[in-house]
Number of protein chains: 2
Amino acid sequence: MSVIALGTMAFDAIETPFGKIDKIVGGSATYVAYAASHLVKPVQQISIVGSDFPEEEMDELKSRGVQLTGVEIVPDQKSFFWSGKYHLDMNTRDTLVTDLNVLANFDPKVPEEYQGAEFLMLGNLMPKLQISVIKQLKKRPKLIVLDTMNFWMESALDDLKVVLKMIDVLLINDGEARQLSGEFSLVKAAKKILEMGPKYLIIKKGEHGALLFHENHVFFAPALPLEDVFDPTGAGDTFAGATKKSSSLQLTSYSLLNPS
Amino acid sequence: MSVIALGTMAFDAIETPFGKIDKIVGGSATYVAYAASHLVKPVQQISIVGSDFPEEEMDELKSRGVQLTGVEIVPDQKSFFWSGKYHLDMNTRDTLVTDLNVLANFDPKVPEEYQGAEFLMLGNLMPKLQISVIKQLKKRPKLIVLDTMNFWMESALDDLKVVLKMIDVLLINDGEARQLSGEFSLVKAAKKILEMGPKYLIIKKGEHGALLFHENHVFFAPALPLEDVFDPTGAGDTFAGATKKSSSLQLTSYSLLNPS
């Protein structure tokens with residue numbers, strides 16, 4: 001059982017009401033890989049980094065069963081960098097800096113040894129790169145999960161609409177579901193989004209848990225209430241990294257139309 | 001099996017992003033009674049109204065098994081009136097008008113026939129009136145549930161602290177839990193509030209469901225996602241009205257300290 005994980009491997013600078021750090025390893029594929037490695041082996045990573053990305057991080061990932069054949073290392077260039085500041089409720093944040101660096105010219109290549117993977121996790125990235133990876137696979141994985149964000153809805157909606165028709169599960173947060181559908185009610189939003197292609201829609205609500213929509217059913221998963229939340233960066237990616245496993249189970253669900 | 005319900009019976013004027021009404025029957029005890037009547041009979045109401053409160057509403061309540069012996073009708077005076085306006089997310093609202101009217105001189109009396117009730121639901125009202133009703137009961141009910149709000153935390157905190165020591169279950173929303181405890185984390189807030197007296201704390205999170213805290217356990221109940229939310233007024237009271245029943249069951253719960 002293997003999973004291909006596509007996404008960024010990056011450096012972040014993060015400020016929350018409880019702390020601040022100028023440089024820490026981040027990126028959607030990094031978080032996905034760490035989470036997925038608990039459930040599926042191997043995790044077959046596709047990403048791009050500069051020569052500044054730490055060797056120790058690569059070694060740590062390898063030790064957890066993450067294959068890095070598909071991670072391109074570009075000499076003398078910098079890794080993708082993102083900087084953000086969280087509001088007091090930790091559910092909303094402002095992006096301060098986005099330096100694409102190596103990501104600007106990323107053209108992901110699926111290594112031959114990755115062919116035949118059962119799961120594909122398309123981490124948050126340009127939709128056209130997500131499409132490219134799907135197209136390179138000779139055999140369609142049995143489950144394709146897509147993560148995306150408001151930025152791509154604003155800047156690459158046409159590509160996003162194309163990839164939505166190619167996937168099984170879409171993962172977005174409540175604000176993004178409202179933006180993508182133009183509906184405030186999440187139930188109405190889900191109906192519209194399911195018509196755009198995905199068979200399953202997972203709407204993440206941070207500390208309030210997540211809703212899974214499928215046909216006219218809804219399943220609710222609570223979030224474990226924590227005493228302290230220090231930094232939610234990568235929480236969505238980490239959740240996504242574990243989604244392949246739970247989505248492939250028969251989830252207990254109950255009908256929206258016939259609640260009982 | 002009987003439940004005593006204390007609270008307001010009132011008129012509301014409500015404005016939401018989806019509609020507006022100048023006068024509609026409301027009040028914490030009204031909503032509690034309608035909800036509780038589905039689960040427990042009789043509901044033994046304690047409240048106060050003016051001569052303007054509709055006879056038909058009283059008849060409707062009676063037809064559902066609600067006893068009104070404890071509802072004082074004050075001739076030539078007006079019922080309590082509340083007016084509020086909801087924000088777009090329907091989770092927050094501003095109070096526009098509060099006319100106490102008959103409520104200003106409310107001195108609740110427990111009718112003799114109400115003595116021996118198994119449950120006591122103290123709907124949102126001045127804490128000193130909630131205390132008065134508890135003290136009038138010759139035999140302590142097996143479960144006392146208290147609803148309150150931010151207004152009493154600001155204006156009658158000393159009385160509120162007294163009544164908190166006399167009850168079993170406290171029902172408040174997330175904002176009120178933060179205000180009462182001075183803690184932003186709901187887990188930390190719950191710990192502090194449980195030390196104030198209640199054995200169980202239910203934190204209501206509107207569309208995001210509710211958390212029940214007891215000792216070091218937490219139980220989560222999701223809210224059914226709705227296509228349309230027209231007016232959430234009384235939702236908390238209605239939830240409270242059904243709480244006595246579910247709280248007296250052995251709830252499946254899982255440990256915060258040992259999640260598995």
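List of remarks:
- Residue within the range B:14-36 that is within 30 Å of B:Arg140 (Cα to Cα) and surrounded by fewer than 21 Cβ atoms within 10 Å (Cβ to Cβ) present: yes
- Filtered by the rule that a residue be among the aliphatic types (A, V, I, L, M) and either away from every other protein chain (no Cβ under 12 Å) or in contact with a Pro (Cβ under 7 Å, 6 or more places away or on another chain) (or both), the range B:202-244 gives B:Ile202, B:Leu211, B:Val218, B:Leu224, B:Ala235, B:Ala240, B:Ala242.
- Residues of the range A:62-89 that are in contact with a strand residue (DSSP E or B) (Cβ under 7 Å, 6 or more places away or on another chain), modelled with pLDDT under 95 and not aromatic (Phe, Trp, Tyr): A:Ser83, A:Gly84, A:Lys85, A:His87.
- Residue within the range A:7-15 that is over 23 Å from A:Asn173 (Cα atoms) and under 15 Å from the mean Cα position of the chain (by Cα) present: no
- Selection within the range A:25-46 - part of a strand (DSSP E or B) and free of Cβ contacts under 8 Å to residues at least 60 places away in the same chain: A:Val25, A:Val43, A:Gln45
- Filter pass, B:Asn124 being within 24 Å of B:Met1 (Cα to Cα) and at pLDDT below 95: yes
The values are calculated or read from the model by the stated rules, or taken from the named source; none is laboratory data. Computed from a predicted structure; not experimentally measured. Every residue, glycine among them, receives a Cβ derived from its backbone with ideal geometry; neighbour counts consider all protein chains shown.
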